[in-house]
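Since the structure comes first, as structure tokens, the remarks are kept for the end.
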Ligand code: MG
């Protein structure tokens, strides 16, 4: 009756792009490149939610080949993922995220990201965990080539809980 899902995403930095993480636009000299607004945090989270319900991934929901989706606000993707799992009868218990970035510093933006995610998922903020870490200058993230995010989501079926 309790199910978990995992999500991971990574996007590379590129010129002339906004930096959007967790639904928050962050002041930065570089942004992440992607078909959408390249919000790795919300992409990892949407995949974790869909994964918990075994509903595939966001590429399935929002095909990167669809020109109508260029520059799409990833809050729309997250909202759609939550709607899909609720349509299957699931409720969300909590989610937890780790943002992996060498720079900019993520910590000052965590509170705002939590508020956005809690609002989009219609959950209390205490159900949203967000941490940030660097990659200790190792590998591509360590060389500041991009930003990655990990997510886990726990969902449950209230109908099964009643029966238990
Ligand atoms: Mg992505």
message: How far apart, in nanometres, would the label points at residue 162 and residue 125 be if each is projected 7 angstrom from Cα along the Cα-to-Cβ direction?
response: 3.3 nm
message: Which one, 52, 44, 87, has the greatest fluctuation when you compute a Gaussian network model over the chain with C-alpha springs under 10 angstrom?
response: 87
task: Could you please rank 93, 65, 74, 36, placing first whichever residue has the fewest other Cβ atoms within 10 Å of its Cβ?
output: 65, 93, 36, 74
statement: When 90, 13, 62 are ranked with the fewest other C-beta atoms within 10 Å first, the list becomes 13, 62, 90
task: Would you mind ranking 131, 83 by Cβ crowding within 10 Å, fewest neighbours first?
output: 83, 131
query: Using a Gaussian network for the chain with springs between C-alpha atoms less than 10 Å apart, which of these wobbles most: 79, 18, 126?
result: 126
- prompt: Which whole-number percentage describes the relative contact order of the chain, with Cα contacts under 8 Å and a sequence gap of 6 or more?
  reply: 33 percent
- prompt: Pairing the Cα long axis of helix 40-52 with the longest principal axis of the chain, what angle in degrees results, from 0 to 90 and rounded to the nearest 10?
  reply: 20 degrees
task: Let me know the volume per residue of the alpha-carbon convex hull for the chain, in Å³.
output: 107 Å³
- prompt: Based on the Cβ-Cβ distance of residue 57 and residue 27, what FRET efficiency does E = 1/(1 + (r/R0)^6) give at R0 = 22 Å, to the nearest 0.05?
  reply: 0.10
- request: Return the distance in nm (one decimal) between the two label points of a simple spin-label model at residue 72 and residue 96, each offset 7 Å from Cα along Cα→Cβ.
  value: 2.9 nm
message: Run lengths n ≥ 4 of DSSP H only: what is the helix-derived mean residue ellipticity at 222 nm for the chain, with -39500 (n - 2.57) per run over all residues, to the nearest 500?
response: -9000 deg cm²/dmol
field: Helix axis angle, 74-87 relative to the chain longest principal axis, alpha carbon, degrees
entry: 10 degrees
Residue 135 versus residue 8: modelled label distance in nm, points set 7 Å from Cα along the beta carbon direction: 1.2 nm
message: I'd like the orientation of helix 110-121 relative to the chain: the angle between its Cα long axis and the longest Cα principal axis, in ° from 0 to 90, rounded to 10.
response: 40 degrees
- prompt: Pick from 39, 66, 29: which residue has the top mean-square fluctuation in a GNM of the chain where Cα pairs under 10 Å get a spring?
  reply: 66
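Quick note: the coordinates plus some simple rules give every number you see, no bench work behind them. Just so it is clear, the structure is predicted and the values come from calculations on it, not from any experiment. FYI the Cβ positions are ideal-geometry reconstructions off the backbone, even for glycines, and counts take in every protein chain you see.
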